[in-house]
Each structure stands twice: as structure tokens, then as C-alpha cells.
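First the structure, in the form of C-alpha cells, and then the observations on it.
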Amino acid sequence: MTLMQRLSQRRSGLTSSDRFVYWISVPLILVLLVYIVFPMLATAITSAEGGGEAYGGFISGSSGKALGLSVGISLVSVFTTCVIGTGLAVLLTRFDFPGRQVLRIFALLPMALPPLIGAVSFYFLYAESGIIPRFLAAYFGADAAAVSANGVAGVILVHSLTMYPYFYLAVSSALSGSDASLEEASLNLGASRCRMWRTVILPMLTPALVSGALLTFMVSMASFTAPQFYNVQTLTMQIVASRTSGAYSTAAAQSVVLSVVSILFLLIMRWYQNRRVYRSLSKGTPQSLTVIQGFIPRSVAAIGSLIIVVILMAPAATIALLAFTVDGSWTIQILPPEYTLGNFAKIFADPESLHPILVSTQMALLGMVGCVLVGVLAAFVVTRWSGPGKGLLDVMVMIPWALPGTVIGVNLVTAFASPTPFNLGQVLIGSLWILPVAYFVRFLPLVFRSANAALAQIDPSLEEAARNLGADTLRAIRTITVPLMSRGILAGALMAFIQGFGEYVASVVIYPAQFAPVSVEIYNRIYSNEFGTAAAYGTLQMVLIVIVLIIAQRLEKPRGQRGLRQKVATRTALPLPVMNT
Amino acid sequence: MGDTFAHRTATNDAGGAEMTRVLLDNISKTYPGVAPSVAGLTLNIAEGELFTLLGPSGCGKSTTLRMVAGFVQPTGGRILFDDTDVTNAAPNRRNTGMVFQNYALFPHLTVAGNVSYGLNARKVTAAQKHSRIDTALSQVGLDGYGDRRIDMLSGGQQQRVALARALVIRPSVLLLDEPLSNLDAKLREETRTEIRATQKEAGITCLYVTHDQAEAMSMSDRIAVLEAGEVHQVASPRDVYHRPATAFVARFIGRSNVFTSEVVAIESHTVVVRLGEGTIVKAPIVADTASASATVGMTTAVSLRPEAISLTVNPVTVGSHELTGRVLTAEFTGAVNIYEVDWHGQTLVVSVPGALDRADPGDTVAMAPAQGLVWMVHP
């Protein structure tokens, strides 16, 4: 070792592991800049072309109206999802009644519904030509138009029944983690049950409610599929419309506005979650359930549970039913009249129908590989980074999670249209590569988060022990850190794969003409009245999701090993939902 | 540096332990904006010695250990193993064996997998590896446990695996970072005897970090008492107890009464000091201690252990070397009576064999320091 090396080391006071982290952060930052930051800047620059005239008419023009509509729909969605999600959470964590176990399982079903499929099924169920309005019209003489959910109401219905899990998960976690002795203490000190709820439980739920609200608002703002099916001109719809009509700078300006709103919410959420402690610190007494007594209350509870389960299952059941109908046979009947297994057979036998599945599988796999490589690297760097810039790095990786898929699509199309130094001379438009790149960008935060969680559970002294026993940094990571993270990484990778497989919102903006992914194919089939084939694709997708969710849940179960750090913090981060709407 | 260790490992493979001297030469660790964690520490640890860093939490003992292991880069000074400067060597090039406070056992490996980890990194042949794992496991009393999973072991067994894992690589220095703090009291006492025996048998130089003085006293060859990044005393357990260098050491090791006092005369073998209101006591003059540098008229400190004071209830006369006070609390623990006595606003602790007659709170007592057990310390 030369004198110079020695001196520089001495001055910096860095250990070899610190330097290692800085070295490996170089390629990471490069990737983040090229695929996340520069595309955003490219959109911003495009939006300013023509001296900012795209912004000039924003408030007065159709963009302003669209923004207002998006905000309005999102606010109403927050309210309805809050009522449904919180109500279900209180019911299921505090009361025991017939049907509780079944309800618990089905409460999370909407999360397994691919977003496009969700919108499709609600359309076939509740829109004017849907099953329910037709049924009511036929048997009860109701006016189908009056009892159906169309337009804005339809969008809000889709949002309410698919996004309530954000509230449900946050509130149930807060309620079941709370200490029963706090409530007992309140009652013991003379508070009435109502006062106890107001003064003890509600303040404790506030963080969960705020997080749920922020999340729902963000997801609603990003929502594209539901507005598309109900033809509601939200900002996301406007972006796609502007691009389709060639008004690139208008589309860019609309994207920038939507990005600013989304990133603002991301930052508020980060700030809020870092500020609050979610669970009471005392170990305390576990919660006991209030058992609902008496024949009539129990019957009401049982019937109520049954109705809710039916409502929750209806969308998936509708898609499964439609998957067996003969294309073009369902016109004005309540239920499709003719059934066949042919749709599935066709998908696998007809090369043209199989093609979208092959495209989606390969593109999603490529995207997943990228997510794993970069996501794990990012988790490692962010966890081990000592010094300033850690928060910035974290935000850089998490931004795609906040950005609506439509915006990501627009960003990529703008950034990779012609060779520039910033995109390293890559032109991806019209190339197959743009799909895996989009999936990589959209689902990188998923893998990053799960790798991060896995890494946070590993005691840093394990790596030190390996180093002490003679392993260099790379060997320690390869033999200790990576094996211990592997379950978390695998779970994140699987999620990234199924999300990529069903991705629609960004794909529809960027897909190359001859290579339609499954989601776009589903939309095209519905457009050409081939409901059966479309639903068959959707059913396959649902089956895939259920399989992956089961595997992922098994992987995330703790192994019960000592040495893995006990749950350190009481701050329970919300599960990371996918804004794939 | 790498070559040195390659050579060292090769000779070690023959079997015999090789003892290493460790020199910490004026090392320090400072972080910007806060008081230094370690401020210019110099320690000379002999071959085969069990050397303990003892001090309250935050005294810099763990930082020092981690600097020796290579996890913390010193901001000044040098670390030498024998004559090799390892200050800038990576942790994996130092050939130290560390036992972590939480053991840091690899949860995805078996007991044997954990123990063989360091051997794999050292490219030891398969045949040698097996015999060394077996030897290491029997050394810590875990024969036949090789295939167990880590989470199937008790806390004490995990501790032994951690020790075996550190010993099997035949480290130049064994580093122990509060290894017993996660064990219950009874097991802790058993284990410290075992660790000491194993270390002696293996003849390994050992640096031991603890905040538990009983642990330090019972195991160590020598102890360095640290406070706020600085060393107060380096001595044998016996000397640290009976001849504390400073008031801090006197108070930290066991209990002690420390008096602020004035030197009134210096005789041939003793320093005569006055405690407060005119009580005169004599402390022996010992080279290289506070007493050797005493000058008449200086203010200094004197330490008196609770058991070095005898007690007379309701005394008729009080000698010039005695202190008079009033009993505040009396605690009967069986073997000894422990009294807290108010003496001019300072609370003194006195312990007397339980069989002797006892005082009650409120009694006036005369306290006589045992001649020869008065000890002068740096204030």
C-alpha cells in the first residue's frame, strides 16, 4: 500500500465497506438517471416547447376541467373507500359473528383482481348493459339506465370496490396491534364506550386513516382503465387523447401537472410516515373479540356477510363466467346464453392468439430481471449509505411508484424517441425493448421495497462476522447477505412479474404495433365484441395472480430464525400497493 | 500484509497456537462535532494474555475493539500485531476471531456450517477442515452438534458455537465483545470460567470487552479501566481493586469512599493526609502511584473500601484517626452488615461482618480506617 493511499484513507476515515457502497452506487445512479430522472426531464422540456403555451390554456381549457374532474373523483373515492375499508376492518378485528372467517379471506380479493379485468368486470356487472341492471329491469321492472352505474358514478363504483383495501389493511393493522389494556384503562377511569372510541381508538387510528387517504387519492388520480371504460375525461384520459391527436406538448404539460401532484403526495406520505409511530409501544394485553349474541343479530350478521362476500366475488365470477361464453352470442340477455371451452383452446391452439401471452411473458420476465438486479442493488446502497443523499436516492427509486402509468409511458416515449446523450443514444420507440423498460421502471419500487425489508431484518453484525472470519466484502454478501435476503427478493420478483404480465396503463401508450401484450389484446378483443376470448385471457391472468400470491405469502412468512433482527420498529409501513389502475 | 497472514495461517495449520503481541499506539477515533470516542489510547497486550477493556457504556471500549477488528477506521494512531502494522488492513486480512455480543451466528447455516465459514474463506483442505471443526466443537463441549440448526440451540449453546467459530480459524487475537451479556446470571458465571480455561489452553492473546466488573476481575490477566475514551489504569485485577489509580477507578470497581483531602506531611514510607475536619490518616507511598508524587499542602483524594473501616457504636472517646458520624440506613445481608453513615454531609459506606454487634439508624458511630488500607488516588 502506497503512502498516498494510506494518507487518503486516513483522512477520509472510511472503512472498506463504506468505499464499496460508494463504488457500487455509481452504476445504480446512472441507471436511475437514464431511466427515471431524464425521461421526466424530457417530458418537462417538451411541455415547455412553444414558449409554455401548453400551460397557458391549462386552467381555462379542457385540461383544467379534466384536472378538476380527477381531483373531484379522487376526493369522493377517498370518502367511499374510507367508509367501506374502515367499516370492514372494525367489523373483522373487533367482532365475532357467523361468516367472519369467510369474510376475512374475501376482504382482500380485490387486490388479486388485475386492474383492467376489474374495470371490465364492473362494466359487465353494473353498467347500463350489465348483468345487474338488466336483471332488475327484467324482474322488477326497473329502468336499467336509472339503476346502472355509468360515467363518473361508474368510475367511483370501481374505485370504491377495488381501492378500499388500502384503508382496510391500514386500519386492521392499527386495530389489531393496539393494546386492549389502554381501552380497559379508559373504561376503568369512567369513560363511556362512545367516549373511549372517540378519545382512545380514534386518535390511534388517525395515522392509518391519513395514510389510507393519501394512498387512495394518489391511486385515484392515476386511475386510467376505469375512466377509459366509462369514457370519463379525467386528466389521464386527456394525456392519452392529446398524444393520440399529436398534441405532444399539451400531453407533456398535462403529464407534468399530474407528476407534480403525485410526487407531492409521495413526499407528504414519506414525511407523515416517518413522523408517526403507528403502534402503542407497550406489549400489553391482546384484543379480545366482542361476540355477537342472540339469534336475530347473528342471523343478520350471517346474511350480511354472505351479501358482502357475493358482492366481492362477483367481479371475478363474472370474468370466469364470460370466459366460457361463445364470442358474439351475448347481446341483450341478462346472462350470456351459450357456453364453450373453445376460448381457452383457441388461445393455446391459435398462434395469433397465443402471441400476446408469449409477448407479455417474455417482456415481464425481462422487466423482472431488471427490477431484481437494480432493486436489490438500490436496497443495498440505500441501507448502507452513510452520509447525506440517502433520502434523495430513496425518493429517486420510489418516484415511479407515485407516477401514474400513463405518465411513465409518456416520459419513456418522449425520452427515447431520438438518440441523445442522456438516453445513451438508445431509441426504443417501435422497438420491443420499450415494454420491458417500462415494466422495469414501473415495478422497480416493488422489488426495492421488498429487498429493503429483507435487508432491514438482517443484523449488520452477521456481515461483520463473515468479514472477521476472513471473507472479503463480495464473499460476505454472496454467502451471507444474499442467501438471507433471497426469500424477500423472490417474493418481490414474483410480484413484479405478475404486475408486468398484466400491465395495461403504460403499455397502451408505448406498445409496438405488432407486439400487443395480453392487456392490450384484452381491450382490443372487447372492442371487437369478442368478450369470451377477452375474459379467457383475464381468467388465465387471475389464476396466475392467485398462484403467485400464495407463493409470495409463503415466502414472506418468517422462518423463526434467531439472528434475524427482531421487528425493530413499531412503525409499520403500509404494504406497497401497485398503482396499476 | 496479505502475505504475512498467508504465511501465518500456513504455519498454524501444523496445529500449535501462535501467540501474538498487540500494540495500540496512541489510537483515537473522533467523529465530527462530538467529544472523541477514543482519545489517544496506548495499550500493550502481551502474548497469550487475556486483556480486558472495562468501563461504563459509552467509554469507548467497544469502539476500540472494533478498531482492532477493522470495522472502525481510527482517525489517528497505529495498531500493530507483533511487528505488522494492521491499521489500514481490511477486517478479513487481520486474522482476528471475534465473538459478537449477539453471537451473529449465520441463521441459514448449521452449527458446522457456521464453524467452517472461516475455514472455507481460508481454503483449508476438506480433510483438515473436518478434523478442525470436530476439535473446535469438542473444545466447547458441543460434540455431535454439527448438524443442528442454529435456532434449535439454547442461548448458552449458541454462545459456544460463536466461540468455536472464532477459535477454529486459529486467530492471532481473539476478540470478545460482551459475550456473556445475553446469558442469565448462573450460566454467565459458568461460561466465564469455561472461556478462561479455553483461552488458556489455546494460548491465544485475547481482548475482552465488558462493563461487568465481576466478569473482568474473575477472568483477566490485566484490566484497562476506561472512561470517556481515556484510560484510567492498566493493572492486574488485584491492583485495580486494592490500588486504584484514580477516584473513578476506586468508585467504579466495587464500592469505595473517596475523600477530598489535604497532604499535611510526608514521612519515609507514608503520606499523612487530613480528611475534612481534622481526622488524620496515613497512606503508603508506592512508586508510580498518586502517593509518589504527593507534596505537602496539595489537595488530593483518598480511597477507603467499605470493608477497610471498623465501626464503634456510641463511642466513649474518638481517636484522631477516626471519623464520627450518624447512621442513616442499616442493611443486614447475612454475611455482612452494610451501613450508610452521614459524615459532614458526605454519605460513607461501611461494611462489617454480620456477626459483630450492629448499629441502628440514628446511632452515633466512630469509624476507624484500617491502617495500611488507606489508599491515595488521583482525584
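The values are calculated or read from the model by the stated rules, or taken from the named source; none is laboratory data. No experiment lies behind these values; they were computed from the predicted model shown. Note that each Cβ is placed from the backbone with ideal geometry, even for glycine, and that neighbours are counted across all protein chains shown. Side chains included, ligands, DNA and RNA excluded: accessible areas come from the protein's heavy atoms. Shrake-Rupley method; radii C 1.70, N 1.55, O 1.52, S 1.80 Å.
See the values below:
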{"quantity": "Positions within region B:142-174 being assigned to a loop (DSSP other than H, G, I, E, B) and either within 14 Å of chain A (Cβ to nearest Cβ) or touching a residue at least 24 places away in the same chain (Cβ under 8 Å) (or both), in sequence order", "calculated": "B:LEU142, B:TYR145, B:GLY146, B:ASP147, B:ARG148, B:LEU153, B:SER154, B:VAL168, B:ILE169, B:ARG170, B:PRO171, B:SER172"}
{"quantity": "Test: residue in region A:291-312 that is surrounded by fewer than 17 Cβ atoms within 10 Å (Cβ to Cβ), of a type in the set (A, V, I, L, M), in contact with an Asp or Glu (Cβ under 7 Å, 6 or more places away or on another chain) and outside any helix (DSSP H, G or I)", "calculated": "yes"}
{"quantity": "Extreme residue, surrounded by the most Cβ atoms within 10 Å (Cβ to Cβ), among residues of region B:175-200 that are in a helix (DSSP H, G or I) and either within 14 Å of another protein chain (Cβ to nearest Cβ) or among the acidic types (Asp, Glu) (or both)", "calculated": "B:GLU194"}
{"quantity": "Tally, over region A:313-352, of residues that are crowded, with 20+ Cβ neighbours inside 10 Å and among the hydroxyl-bearing types (Ser, Thr, Tyr)", "calculated": "2"}
{"quantity": "Restricting region A:155-189 to residues that are over 29 Å from A:VAL219 (Cα atoms) and without any contact (Cβ under 8 Å) to a residue 60 or more places away in the chain, the residue that is most open to solvent (accessible area, probe 1.4 Å)", "calculated": "A:LEU189"}
{"quantity": "Some residue of region B:42-63 being outside any helix (DSSP H, G or I), aliphatic (A, V, I, L, M) and within 14 Å of chain A (Cβ to nearest Cβ)", "calculated": "no"}
{"quantity": "Test for A:VAL155: is it assigned to a helix (DSSP H, G or I), more than 20 Å from A:ASN231 (Cβ to Cβ) and at pLDDT 85 or above", "calculated": "no"}
{"quantity": "Test for A:VAL520: is it among the aliphatic types (A, V, I, L, M), closer than 22 Å to A:ASN411 by Cβ and surrounded by fewer than 23 Cβ atoms within 10 Å (Cβ to Cβ)", "calculated": "yes"}
{"quantity": "Qualifying residue in region A:435-458 (condition: within 14 Å of chain B (Cβ to nearest Cβ), in contact (Cβ under 8 Å) with a residue 12 or more places away in the chain and outside any helix (DSSP H, G or I))", "calculated": "yes"}
{"quantity": "Residue within region B:119-136 that is open to solvent by less than 10 Å² (accessible area, probe 1.4 Å), facing chain A (nearest Cβ under 8 Å) and modelled with pLDDT of 90 or more present", "calculated": "no"}
{"quantity": "Residue satisfying all of: in region A:231-258; open to solvent by 50 Å² or more (accessible area, probe 1.4 Å) and outside any helix (DSSP H, G or I); farthest from A:PHE217 (Cα to Cα) among these", "calculated": "A:SER245"}
{"quantity": "Test set (1) closer than 12 Å to A:GLY154 by Cβ; (2) of a type outside the set (D, E, K, R); (3) surrounded by fewer than 17 Cβ atoms within 10 Å (Cβ to Cβ) - A:ALA127 fails condition number", "calculated": "(3)"}
{"quantity": "Whichever residue in region A:190-241 is small (Gly, Ala, Ser) and in contact (Cβ under 8 Å) with a residue 24 or more places away in the chain and, among such residues, is farthest from A:SER129 (Cα to Cα)", "calculated": "A:ALA208"}
{"quantity": "Qualifying residue in region A:139-147 (condition: free of Cβ contacts under 8 Å to residues at least 24 places away in the same chain, more than 29 Å from A:GLY409 (Cα to Cα) and surrounded by 19 or more Cβ atoms within 10 Å (Cβ to Cβ))", "calculated": "no"}
{"quantity": "Members of region B:81-118 found to be more than 7 Å from chain A (Cβ to nearest Cβ), open to solvent by 20 Å² or more (accessible area, probe 1.4 Å) and not small (Gly, Ala, Ser), listed by number", "calculated": "B:ASP82, B:ASP83, B:THR84, B:ASP85, B:ARG93, B:GLN101, B:LEU109, B:THR110"}
{"quantity": "Residue match in region A:353-360 (condition: in a helix (DSSP H, G or I), crowded, with 22+ Cβ neighbours inside 10 Å, in contact with a Lys or Arg (Cβ under 9 Å, 6 or more places away or on another chain) and not acidic (Asp, Glu))", "calculated": "no"}
